[in-house]
1. Can you pull out the residues in segment 213-230 that are closer than 24 Å to Ala203 by Cα and surrounded by 16 or more Cβ atoms within 10 Å (Cβ to Cβ)?
2. Mind counting the residues in segment 41-76 that are more than 9 Å from the ligand (Cβ to nearest atom), surrounded by fewer than 16 Cβ atoms within 10 Å (Cβ to Cβ) and in a loop (DSSP other than H, G, I, E, B)?
3. If a residue has to be outside any helix (DSSP H, G or I) and either of a type outside the set (Asp, Glu) or within 30 Å of Pro217 (Cα to Cα) (or both) to count, how many in segment 8-30 make the cut?
4. Kindly establish whether Leu1 is within 21 Å of Leu161 (Cβ to Cβ), more than 9 Å from the ligand (Cβ to nearest atom), in a loop (DSSP other than H, G, I, E, B) and modelled with pLDDT of 95 or more.
5. Can you go through Leu123, Leu132, Leu145 and tell me which one is part of a strand (DSSP E or B) and either within 22 Å of Asp170 (Cβ to Cβ) or more than 11 Å from the ligand (Cβ to nearest atom) (or both)?
6. Since Ser21 meets every condition but one in (1) of a type in the set (S, T, N, Q); (2) within 19 Å of Asp73 (Cα to Cα); (3) within 12 Å of the ligand (Cβ to nearest atom), which condition does it not meet?
7. Quick one: in segment 31-40, of everything that is in a loop (DSSP other than H, G, I, E, B) and not acidic (Asp, Glu), which residue is farthest from the ligand (Cβ to nearest atom)?
8. Please specify each residue of segment 197-223 satisfying the condition of being under 20 Å from Pro81 (Cα atoms), assigned to a strand (DSSP E or B) and in contact (Cβ under 8 Å) with a residue 12 or more places away in the chain.
Amino acid sequence: LAGLRTERFGRQLHLRDEVDSTQIVAQQLTAAGAPEGAVVLAELQTAGRGRMGRRWHSPKGKGLWFSLILRPDWLPLSQTPQLTLLTAVSLCRAVRQVTGLDAGIKWPNDLLIDGRKVAGILLEANVENGTLQHVVAGIGISVNLTEDDYPPDIRAIATSLAIAAGRRIDRSLLFVELLAEWERLYALYRSEGFAPIKLLWEALTVSLGREIVCRMPQETVEGFAEAIDEQGALLVRLNDGSVRKMFSGDVEFR
Ligand code: BTN
């Protein structure tokens with residue numbers, strides 16, 4: 001891959017024309033001993049996975065659909081939500097850098113432009129005996145989709161970089177930039193902890209200081225999104241004045 005500036009991220013690169021999901025292929029490679037930083041990138045996914053059991057629309061050649069293997073065996077399990085935020089920061093910074101677009105992070109891990117979703121992150125952690133073994137971090141970026149590429153039900157809530165920018169975006173350039181940013185922040189996180197990542201996240205988020213509804217499989221919480229804490233959890237102030245800590249969920253603005 002031309003222009004790759006990383007030491008490990010993307011150095012082992014598995015390019016595929018068509019897969020069910022890059023997450024599944026990456027899990028298999030992980031089991032076969034693939035190193036940290038190995039990436040599976042596909043032109044087309046026939047069963048792309050979204051969060052909460054949803055599908056991820058991944059048409060051929062129009063996006064960046066890939067999964068990266070992490071082996072953060074040094075990370076306490078309770079801190080895994082921070083990895084999601086770190087990934088979102090890397091994604092947001094790379095998109096801004098390459099496109100000049102005003103992209104923002106919606107907690108925990110959606111990338112929005114003009115209030116519409118342009119990219120998503122799916123982290124699947126493997127835990128054994130209470131310790132983190134590896135994480136398969138999937139990123140889907142809708143790069144060059146046109147309005148017609150979207151099924152009608154998601155057209156209203158989704159956009160692509162090309163739609164937002166009004167021009168085609170070079171996928172390789174974005175991919176190379178993202179891997180560089182991600183590797184850099186991952187190293188920073190390992191040496192300095194979550195504090196510098198938290199600052200970057202706070203500067204790029206569109207979720208804080210707003211009334212939100214957060215939906216989880218078991219319950220729905222409504223309140224004011226006040227802050228994220230040291231763990232990476234979202235702190236939501238409820239109507240009764242109490243504060244709830246959220247680790248995941250689907251946020252809607254009110
Ligand atoms: C979401 O916002 O719901 C997360 C979407 C994640 C999509 C990416 S595309 C590459 C990787 N492979 C998958 O099947 N899903 C992730």
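1. Passing the criteria: Cys214, Gly223, Phe224, Ala225, Ile228.
2. Count: 6.
3. Step one: filter segment 8-30 for residues outside any helix (DSSP H, G or I), giving 8-21.
Filter once more, so that each one left must be either of a type outside the set (Asp, Glu) or within 30 Å of Pro217 (Cα to Cα) (or both): 8-16, 19-21.
The qualifying residues number 12.
4. It is false that Leu1 is within 21 Å of Leu161 (Cβ to Cβ), more than 9 Å from the ligand (Cβ to nearest atom), in a loop (DSSP other than H, G, I, E, B) and modelled with pLDDT of 95 or more.
5. Values: Leu123 fails: either within 22 Å of Asp170 (Cβ to Cβ) or more than 11 Å from the ligand (Cβ to nearest atom) (or both); Leu145 fails: part of a strand (DSSP E or B).
Exactly one of Leu123, Leu132, Leu145 is part of a strand (DSSP E or B) and either within 22 Å of Asp170 (Cβ to Cβ) or more than 11 Å from the ligand (Cβ to nearest atom) (or both), namely Leu132.
6. The single condition Ser21 does not satisfy is (2).
7. Gly33
8. Once the filter is applied, which keeps residues that are under 20 Å from Pro81 (Cα atoms), assigned to a strand (DSSP E or B) and in contact (Cβ under 8 Å) with a residue 12 or more places away in the chain, segment 197-223 yields Thr205, Ile212, Val213, Cys214, Arg215, Val221.
The values are calculated or read from the model by the stated rules, or taken from the named source; none is laboratory data. Note that the structure is a prediction, hence the values are computed from the model and not measured. Quick reminder, even Gly has a Cβ in these numbers, built from the backbone with ideal geometry, and neighbours come from all protein chains shown.
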